[in-house]
Amino acid sequence: MGSILQRLIYTSAATTPTGSLINLATILAQAQRNNDRDGLTGVLASHRNRYIQVLEGPAPALDRLLRLLESDPRHRDMILLSREPITMRQFGRWAMASAVITPRQGAALDRLVDHDDLTPERVIRIMLDALDAVPAD
Ligand SMILES: Cc1cc2nc3c(=O)[nH]c(=O)nc-3n(C[C@H](O)[C@H](O)[C@H](O)COP(=O)(O)O)c2cc1C
């Protein structure tokens, strides 16, 4: 019996340009190496110089990563959008996927923010759409 799976979603303000491939590649390489070790999966995207990340995995591993993220100078102003138990992973194929947000998906995210309607399900749908993947359910 593994520990209980949880999923968390947060956004943060990037302190270095998110369009820089070297910045992104460095974060992704770290994330993939550590997440693979820690049983975490998820997706990272950026939009309007903010990061949005979905993380799935055992609660203790999520707690440890949150502490590291909170003191990482590459971003600030973390806002936790949701943290809840899940029965299955949506991003189980990726230690950390990198989603490129198209203008259409960006507009959809903006609409959700404008209407204060950024639910986990909607965020996940946009991320899966950006990865060209279908929801697992
Ligand atoms: C936006 C963002 C997302 C990140 N995502 C992860 C992640 O999913 N997993 C991870 O281990 N580190 C992630 N990091 C890096 C951590 O904050 C931290 O630097 C790293 O885990 C330290 O790893 P190390 O001890 O191997 O150097 C992320 C950093 C940023 C800025």
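Within the accessible area of the chain, what % is carbon and sulfur when the probe is 1.4 Å and the other protein chains stay in place?
Of all accessible area on the chain, carbon and sulfur atoms account for 55 percent.
Mean separation of Cα pairs under 8 Å and 6+ residues apart, divided by the residue count of the chain: what relative contact order is that in percent? Before the final figure, lay out the partial values.
Details: 212 pairs, mean separation 45.5, N = 137.
Reported as a whole number, the value is 33 percent.
Which value, in debye to the nearest 20, gives the size of the charge dipole of region 5-133 about its Cα centre, when Lys and Arg are +1 and Asp and Glu are -1 at the Cβ?
The calculated dipole for region 5-133 is roughly 260 debye.
Using a 1.4 angstrom probe on the protein heavy atoms only, could you order ARG93, ARG76, ARG7, ARG104 from most to least accessible area?
Correct descending sequence by accessible area is ARG93, ARG104, ARG76, ARG7.
For region 83-104 and region 15-37, compute the distance between their C-alpha centroids and round to whole Å.
About 15 Å separates the Cα centre of region 83-104 from the one of region 15-37.
Looking at the P(r) of the chain, how many percent of alpha-carbon pairs lie beyond 24 Å?
That fraction is 24 percent.
Go through ARG48, ARG89, ARG125 and list them by solvent-accessible area, largest first, probe radius 1.4 Å.
Sorted descending by solvent-accessible area, the residues read ARG48, ARG125, ARG89.
The values are calculated or read from the model by the stated rules, or taken from the named source; none is laboratory data. This one's a predicted model, so the numbers in the text were calculated from it and none came from an experiment. No Cβ is skipped: glycine too gets one built from the backbone with ideal geometry, and neighbour counts run over all protein chains shown. Side chains are part of the model used for accessible areas, which takes the heavy atoms of the whole protein and leaves out ligands, DNA and RNA. Shrake-Rupley method; radii C 1.70, N 1.55, O 1.52, S 1.80 Å.
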